[in-house]
Each structure stands twice: as structure tokens, then as C-alpha cells.
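The values are calculated or read from the model by the stated rules, or taken from the named source; none is laboratory data. Computed from a predicted model, the values in this text were never measured in an experiment. With ideal geometry, Cβ positions are generated from the backbone for all residues, glycine too; neighbour counts draw on all protein chains shown. For accessibility, only protein heavy atoms count, side chains too; no ligands or nucleic acids. Shrake-Rupley method; radii C 1.70, N 1.55, O 1.52, S 1.80 Å.
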Amino acid sequence: MGKKAISVLSGGLDCTVATSVYANDYDIHAITFDYGQKSVEREIKASKEICNKMGFEHTVIDLKWLGKISDSSLTSNNDIPELNENELDDLEVCRETAGSVWVPGRNTVFTAIAISFAESINAEIIIVGWDKEEANTFPDNSKEFLESFNKLIKVGSPDNIEVKAPAIDLDKDEIVKLGQKVNAPMDLSYSCYLGEDDHCGVCESCMRRKRAFKKAKIKDKTKYTN
């Protein structure tokens, strides 16, 4: 296997499926970031388990400074918002919750670091889990952001590297269906903002995960507290 790839892997559902899309065609080195988030231990654990199962190399990168400059509820003592399923399509509500969990420049920083890794090992692609559903409230998940970053790489990198986001046009239920198709280890993935052993089941990330499996009519093996 000659082609190499870098995966930005948090251990979450979206990036797990996205990375699995390329698992048979690339030698993948996954990178996971510790930016002081509440769920960091579970994210690292999930990422390691996914990489062990899939045969990926794995590196954890310390970015605690990012959490220290942020007042995001993911990295501070602020309470993480809870949602019910009926609110998941309410843009006004979800924009407010997105603001609560927003970490300044997170995907910009992550992807820039991934470029460094890609250049260092001559990787052709960087795999990310950005998707259509989350792009509604997180601009750094959008197709426009993806296209802009790839233009930036063409200008700023001497290597031919492209960011690949196979879920960029997909909602969460479509991601679950894609995950089943490519045999992604979705059961090993971890999506909860709180970082407990089991998913809380009430934060927005958990609610979107639960709804996705339900809409896709695919068995959800995730353990939820609520």
C-alpha cells in the first residue's frame, strides 16, 4: 500500500466513518487532539480502539492552550446544553447551543496541523468528518470551508495535498448508512460532549447520534445514560 493519508480523528461517528471510506486504499496515520475538552480521555480511548482495529498509526497531539483561551462549555466549567429531538431542526436553538460549544478556530487549527503531518510523510490526502448537518450551525464543517482550505493548500504547500470530506453532503443518518456500507467500526466511536463512560444521551451530539441511527433504521449499539 503506497498511498498515505492523515486522518483528523476525534473518535466520533463522523470522522470514524469518513476515515473508514479510505481504509482500504491508503496507509492511514490518525491524529487526535487534546485541547482540554471534557471528553478528551474517552475520545483518545475511542480513537485508539478504532486505530487498533483498523491498523492505523495513531498520534495524540497536546493542544491544551486552545482550551485555555476558550470559554466553550466543552473546555470550561460552563454547563453543556441539553436538547430534545424536536429541537434538533430548530436553527435558532441550535445556533445558540453551537455558540456554547464553539472552540475558537478549532477545525482551522486541526487541519493546519494535519497539513504539517501530511507534508512530513508525503501523504496525499487529509481525511476529515465534516458534514452537511453540522454545517448548518458550524461554519467550519461546510463545503465552502472545505473548498477554501483546499485552495489555501494549493497556494501554501509545495506538495499536492487535498482535504477529503466524504460526508460533506450528508446528514447524520446518511453517514450511518455509509458507515454500514464501508464496515466502519461505529460501535467503537464516541460522540458525547461530557466524557463519561457511557453517552449522556441528552447533549446535542448524543441526540444527533441517536436520531441518525433511528432514521437510518440501523441498530445503535451505543450505551446511553438517558
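Would you please classify the overall shape of region 1-47 from the alpha carbon gyration tensor, given that a ≥ b ≥ c denote the square roots of the eigenvalues, rounded means a/c under 1.5, and beyond that prolate means a/b larger than b/c while oblate covers the rest?
Since a/c reaches 1.5 and a/b is larger than b/c, the shape of region 1-47 is classed as prolate.
Taking a probe of 1.4 angstrom, what is the accessible area of MET54 in Å², to the nearest 10?
50 Å²
Taking every pair of Cα atoms in region 57-190, average 1/r, invert it to obtain the Kirkwood radius, and report Rg/Rh to two decimals.
Ratio of gyration radius to Kirkwood radius for region 57-190: 0.98.
Near the amide H of ASP27, under 5 Å away, which other amide H atoms are found, from residues 5 or more places off or on another chain, if H is placed in the peptide plane?
LYS3, LYS4, ALA5
Once you have the Cα-Cα distance between GLU85 and GLU162, take 0.36 nm times their residue separation minus that, and quote the gain in nm to one decimal.
Additional length available on full extension: 24.2 nm.
With axes computed from alpha carbons, what is the tilt in degrees of helix 106-121 against the longest principal axis of the chain, rounded to the nearest 10 within 0 to 90?
30 degrees
Using only the Cα atoms of region 124-169, each taken as one equal point scatterer with no solvent, compute I(q) by the Debye sum, divide by I(0), and report log10 of the ratio at q = 0.28 Å⁻¹.
The computed values of log10 I(q)/I(0) come out as -0.97.
If you wrap a convex hull around the alpha carbons of the chain, what volume per residue comes out, as a whole number of Å³?
Taking the convex hull of the Cα positions in the chain, it is 111 Å³ per residue.
Which of the listed residues, VAL40, GLY55, ASN77, is farthest toward the dipole's positive end in region 40-79, when Lys, Arg count +1 and Asp, Glu count -1 at the beta-carbon?
Going by the charge dipole, the pick is GLY55.
Rounded to the nearest 500, what is the 222 nm mean residue ellipticity of the chain from helices alone, with -39500 (n - 2.57) per DSSP H run of 4+ residues and division by all residues?
-13000 deg cm²/dmol
For region 115-211, what does the relative contact order come out to in percent, with C-alpha contacts under 8 Å and a separation of six or more?
24 percent
Counting pairs on different chains as well as pairs 8 or more places apart, how many Lys pairs in region 66-169 have Cα atoms under 15 Å apart?
Lysine pairs satisfying the spacing and distance rule in region 66-169 number 6.
Hey, what do the phi angles of region 175-180 turn into as Karplus ³J(HN,Hα) couplings, whole Hz, using 6.51/-1.76/1.60 and θ = phi - 60°, x for Gly and Pro?
Couplings: 5, 4, 4, 5, x, 5 Hz.
Taking the Cα atoms of region 9-128, what is the range of coordinates along each of the three principal axes, in descending order and whole Å?
41, 32, 23
Please say if region 127-226 is rounded, prolate or oblate, where rounded means a/c under 1.5 for a ≥ b ≥ c the square roots of the C-alpha gyration tensor eigenvalues, and otherwise the choice is prolate for a/b larger than b/c and oblate otherwise?
It is prolate, given that a/c is not under 1.5 and a/b is the larger ratio.
Name the residues whose placed amide hydrogens come within less than 5 Å of the amide hydrogen of VAL163, ignoring near sequence neighbours (fewer than 5 apart) on the same chain.
It is ILE126, by chain and number.
Amide H neighbours of PHE33 under 5 Å, at least 5 residues apart or on other chains, H built in the peptide plane: list them.
Here the answer is ILE61, since their amide H atoms fall under 5 Å of that of PHE33.
Roughly how many Å is it from the Cα centre of region 141-216 to that of region 53-93, as a whole number?
13 Å
Rounded if a/c is under 1.5, else prolate if a/b beats b/c, else oblate: with a ≥ b ≥ c from the C-alpha gyration tensor eigenvalues square-rooted, which is region 167-226?
Prolate is the answer for region 167-226, as a/c is 1.5 or above and a/b outweighs b/c.
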